[in-house]
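Here is the structure we will look at, set down as structure tokens.
The values are calculated or read from the model by the stated rules, or taken from the named source; none is laboratory data. Only a predicted model underlies this, so the values are computations on that prediction, with no experimental measurement involved. So basically every Cβ, Gly included, is an ideal-geometry build from the backbone, and we count neighbours across all protein chains shown.
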Amino acid sequence: MATRGETGEQAAAADRGRFITLEGGEGAGKSTQAQRLAGHLRERGLEALVTREPGGSPKAEAIRELILSGVVAPLGAAAEALMFSAARIDHLDAAIRPALARGAWVVCDRFADSTRAYQGALGNLDPRFIRELERVTVGPDRPDLTVMIDVPAATGLARAAQRRGGAPDRFEAEGLAFHEALRRTFLDIAADEPARCVVVNGEASPDEVERQIWAAVQERLPLPGSGPQPKPVVRDAQRRKEQGAAHPKGDERRKSGDRRKSASSPARASREKSAP
Ligand code: TMP
């Protein structure tokens, strides 16, 4: 309800739910953590919608089947990006936007960062194409917080194989180098957008990952009834910058000479390629 001096639009924005996405490579534990995070939110009396991409609405789930079966792959990365975007348009219209508008918190297992990474960076697409696609499909409904769950590619693939049992899907079937590059891309996205993204070490136990994610949500997003707000996000982003890494293992990386922000990262390489 609008209070004195508040426009209808401001009141609607204040009542809007929050949009949290979980991103990362295969077998990072996103689905488990999405459920656990929703549990915390519900304990606070909030409505939480757990959803996923591709999918999350009947039409988007139909598109998911098509993409993961591999029939779109021969058309190339741009066509796949368009298919993921078509699914995203319906998912946003049918599920995410209505939930946010009624004040629900949305926890989404993968979203637009997966298109940036899998199709954009790994598919070697022009970043301007991906940005424009994101502008058209997502518009102002960007995530309020994105949690990158980081695991070494080999660990994630082994977990995914164990969970699945059968044949790998379209993307699980890609080689280790693809998945390692994917990991670097997600970390690059997080480093480039520290105000939106937080990186969590997915090699920790599920309970510890859950604890870290819940701490990040509480630190960065105002929970109704949680009293005075903690540190502003910008201070946290600045601290990360000063530490020189968005990843908890940043020091180890520097010691071992792993220069995450080097041009070997597909995201950076493709950005640099398209720079005027
Ligand atoms: P998952 O739901 O089991 O993670 O499977 C979805 C697969 O689709 C996963 O391999 C990542 C991939 N994917 C993309 O390539 N682009 C996208 O935009 C999304 C949302 C997922």
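As an exercise: evaluate E180 against (1) more than 20 Å from E53 (Cα to Cα); (2) assigned to a loop (DSSP other than H, G, I, E, B) and give the number of the one condition it does not meet.
Result: E180 fails condition (2) only.
Looking at the stretch 19-40, which of the residues that are in contact with a strand residue (DSSP E or B) (Cβ under 7 Å, 6 or more places away or on another chain) and in a helix (DSSP H, G or I) is nearest to A154 (Cα to Cα)?
Within the stretch 19-40, the match that is nearest to A154 (Cα to Cα) is K30.
Restricting to the stretch 190-210, name every residue that is assigned to a loop (DSSP other than H, G, I, E, B) and without any contact (Cβ under 8 Å) to a residue 60 or more places away in the chain.
E193, P194, A195, R196, E203, A204, S205
One line per residue, one yes/no per condition, for (1) assigned to a helix (DSSP H, G or I); (2) under 30 Å from P206 (Cβ atoms):
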residue	(1), (2)
V71	no, no
A79	yes, no
L82	yes, no
I89	yes, no
S114	yes, yes
G120	yes, yes
E132	yes, no
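Out of all the residues in the stretch 241-258, is one or more in a helix (DSSP H, G or I), under 29 Å from P140 (Cα atoms) and at pLDDT below 50?
Taking every residue of the stretch 241-258 in turn, at least one turns out to be in a helix (DSSP H, G or I), under 29 Å from P140 (Cα atoms) and at pLDDT below 50.
Exactly one condition in (1) in contact with a strand residue (DSSP E or B) (Cβ under 8 Å, 6 or more places away or on another chain); (2) β-branched (V, I, T); (3) not in a helix (DSSP H, G or I) is not met by I96; state its number.
Checking I96 against (1) in contact with a strand residue (DSSP E or B) (Cβ under 8 Å, 6 or more places away or on another chain); (2) β-branched (V, I, T); (3) not in a helix (DSSP H, G or I), the one that fails is (3).
Take the residues of the stretch 51-71 that are surrounded by 19 or more Cβ atoms within 10 Å (Cβ to Cβ) and among the hydrophobic types (A, V, I, L, M, F, W, C): which is nearest to the ligand (Cβ to nearest atom)?
Restricting to residues being surrounded by 19 or more Cβ atoms within 10 Å (Cβ to Cβ) and among the hydrophobic types (A, V, I, L, M, F, W, C), the top hit is I67.
Within the set of pairs 6 or more residues apart or between chains, which connect a residue that is more than 16 Å from R164 (Cβ to Cβ) and acidic (D, E) inside the stretch 47-72 to a residue that is within 12 Å of the ligand (Cβ to nearest atom) and in a helix (DSSP H, G or I) with Cβ atoms less than 8 Å apart?
Cβ pairs passing all conditions: E53/A60; E53/F84; E53/A87; E53/R88; E53/H91; E53/S114.
State whether one or more residues within the stretch 149-159 are more than 9 Å from the ligand (Cβ to nearest atom), in the same structural domain as W214 (by TED's automatic domain parsing), hydrophobic (A, V, I, L, M, F, W, C) and free of Cβ contacts under 8 Å to residues at least 40 places away in the same chain.
Yes - at least one qualifying residue is present in the stretch 149-159.
Among (1) crowded, with 22+ Cβ neighbours inside 10 Å; (2) within 15 Å of the chain's Cα centre (by Cα); (3) within 20 Å of A190 (Cα to Cα), there is one condition E134 misses while meeting the rest; what is its number?
The single condition E134 does not satisfy is (1).
So if I check each of R97, R110, R88, which one is away from the ligand (no atom under 13 Å from the Cβ) and either in contact (Cβ under 8 Å) with a residue 40 or more places away in the chain or closer than 25 Å to R16 by Cβ (or both)?
Only one candidate qualifies: R97.
From the list L41, L46, which residue is closer than 21 Å to M148 by Cα, more than 10 Å from the ligand (Cβ to nearest atom) and of a type in the set (A, V, I, L, M, F, W, C)?
Result of the check over L41, L46: L41.
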